[in-house]
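**Q** Input: one structure, supplied below.
The values are calculated or read from the model by the stated rules, or taken from the named source; none is laboratory data. Bear in mind that the values here come from a model prediction, so they are computed numbers and not experimental data. Neighbour counts run over all protein chains shown; Cβ positions are idealised from the backbone, glycine included.
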Amino acid sequence: MADRYPEIFVLRHGQTEWNRIARFQGRKDSALTSKGREQARVQGGLLTEVIAGRSGIAAYCSPQGRAAKTAAIVLEPLGMTAIEDVRLCEISFGKWEGLSFEQIAKGWPDQTKDADKDAFEWQFHAPGGESFEAIRLRIEEFLAHLSAPSIIITHGITSRILRGIWLGDESNDLGAVMGGQGCVYHMQDGQQIKLGD
């Protein structure tokens, strides 16, 4: 729950080539687009406004290329670098990685027949992929190790689960937790505040 964890700032990586064409990335990677790099610069500006003059803030990022590149852009104006932590990697989509929703629906109709492609829960059932329980446990472990205010640069699903746990919702009904790129989620005093668009 929020009172167990320090203040955090959570960012999703900027838009990638696969985000742009709606392919599932998971543990695979694709490069940031020019829009994604601009989103990271905006995030850096938002963070600078909020934490300028503060000290004792740590920074962590997923080691996956899109998150690490976003972290480098975001943290440059602050003169900070992020510690890479594998627990912040995106969910593994197993055999679905690199595919569009339409390709997944065609290849695995039983898993997707009742799925809304914008829904959240069905994505934890990819063949060879990661379960909700597995990703929840690694994120809980990451949060438990934090001892100071922290900037966290990660991925879409990982961010939603991380913020849901921080807020005290440990179920897999996290579709209502806000997503988005180019913004910063400031988590403090039991509340989530979205900075930017």
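**Q** Return yes or no: is Ser92 hydroxyl-bearing (Ser, Thr, Tyr) and free of Cβ contacts under 8 Å to residues at least 60 places away in the same chain?
**A** No: the conditions fail for Ser92.
**Q** Between a first residue in segment 172-184 that is farther than 17 Å from Arg20 by Cα and a second residue that is at pLDDT below 75 and among the small types (Gly, Ala, Ser), which pairs have beta carbons less than 7 Å apart while being 6 or more apart in sequence or on different chains?
**A** Gly175/Ala119
**Q** Another question about this same structure. State which residue pairs qualify: first residue within 17 Å of Ile161 (Cβ to Cβ) and in a strand (DSSP E or B) and inside segment 5-17, second residue at pLDDT 95 or above and hydrophobic (A, V, I, L, M, F, W, C) in any location, beta carbons under 6 Å apart, and separation of 6 or more residues or different chains.
**A** The qualifying pairs are Ile8/Ile152; Ile8/Met187; Phe9/Ile151; Phe9/Val184; Val10/Ile152; Leu11/Ile153; Leu11/Val184.
**Q** Okay, next question. Looking at segment 135-167, which of its residues are outside any helix (DSSP H, G or I), among the small types (Gly, Ala, Ser) and more than 12 Å from His186 (Cα to Cα)?
**A** Of everything in segment 135-167, those that are outside any helix (DSSP H, G or I), among the small types (Gly, Ala, Ser) and more than 12 Å from His186 (Cα to Cα) turn out to be Ser147, Ala148.
**Q** Sticking with this one: Looking only at residues that are among the small types (Gly, Ala, Ser) and touching a Pro at 6+ places or on another chain (Cβ under 8 Å) in segment 146-162, which one is surrounded by the fewest Cβ atoms within 10 Å (Cβ to Cβ)?
**A** Ser147
**Q** On to the next question. Restricting attention to segment 107-121, report how many residues are part of a helix (DSSP H, G or I) and more than 30 Å from Gln188 (Cα to Cα). Steps first, please.
**A** In the first step, residues of segment 107-121 are kept if they are part of a helix (DSSP H, G or I); the result is 107, 109-112, 121.
Those left that are additionally more than 30 Å from Gln188 (Cα to Cα): 107, 109-112.
Here the count works out to 5.
**Q** OK, next. With the requirement that a residue be surrounded by fewer than 19 Cβ atoms within 10 Å (Cβ to Cβ) and outside any helix (DSSP H, G or I), what does segment 64-96 give you?
**A** Across segment 64-96, the qualifying residues are Gly79, Met80, Thr81, Ile83, Glu84, Asp85, Ser92.
**Q** From Ala31, Ala68, Ala82, Ala22, grab the single residue that is among the aliphatic types (A, V, I, L, M) and within 13 Å of the chain's Cα centre (by Cα).
**A** It is Ala68.
**Q** Also: Specify the residue that is modelled with the highest pLDDT; the eligible residues are those in segment 116-132 that are in contact with a helix residue (DSSP H, G or I) (Cβ under 6 Å, 6 or more places away or on another chain) and surrounded by 16 or more Cβ atoms within 10 Å (Cβ to Cβ). First the steps, then the outcome.
**A** Taking segment 116-132 as the starting set, the residues that turn out to be in contact with a helix residue (DSSP H, G or I) (Cβ under 6 Å, 6 or more places away or on another chain) are 117, 124-129, 131-132.
Filter again for surrounded by 16 or more Cβ atoms within 10 Å (Cβ to Cβ), leaving 124-126, 129, 132.
Details: Phe124: 89, His125: 87, Ala126: 92, Gly129: 96, Phe132: 91.
The qualifying residue modelled with the highest pLDDT is Gly129.
**Q** Looking at this structure, is Gly164 under 28 Å from Asp114 (Cα atoms) and in contact with a Gly (Cβ under 7 Å, 6 or more places away or on another chain)? Write out each step before concluding.
**A** Working: under 28 Å from Asp114 (Cα atoms): yes; in contact with a Gly (Cβ under 7 Å, 6 or more places away or on another chain): no.
Taking the combined requirement at face value, the residue does not satisfy it.
**Q** Could you list, ordered by first residue, the pairs with Cβ atoms under 8 Å in which the first is in segment 135-150 and of a type in the set (Asp, Glu) and the second is at pLDDT below 95 and part of a helix (DSSP H, G or I), at least 6 apart or interchain?
**A** Glu140/Ile165
**Q** Would you check if Ile104 is outside any helix (DSSP H, G or I), in contact (Cβ under 8 Å) with a residue 60 or more places away in the chain and not hydroxyl-bearing (Ser, Thr, Tyr)? Reasoning before the result, please.
**A** Details: outside any helix (DSSP H, G or I): no; in contact (Cβ under 8 Å) with a residue 60 or more places away in the chain: yes; not hydroxyl-bearing (Ser, Thr, Tyr): yes.
No; evaluated as a whole, the condition is false for this residue.
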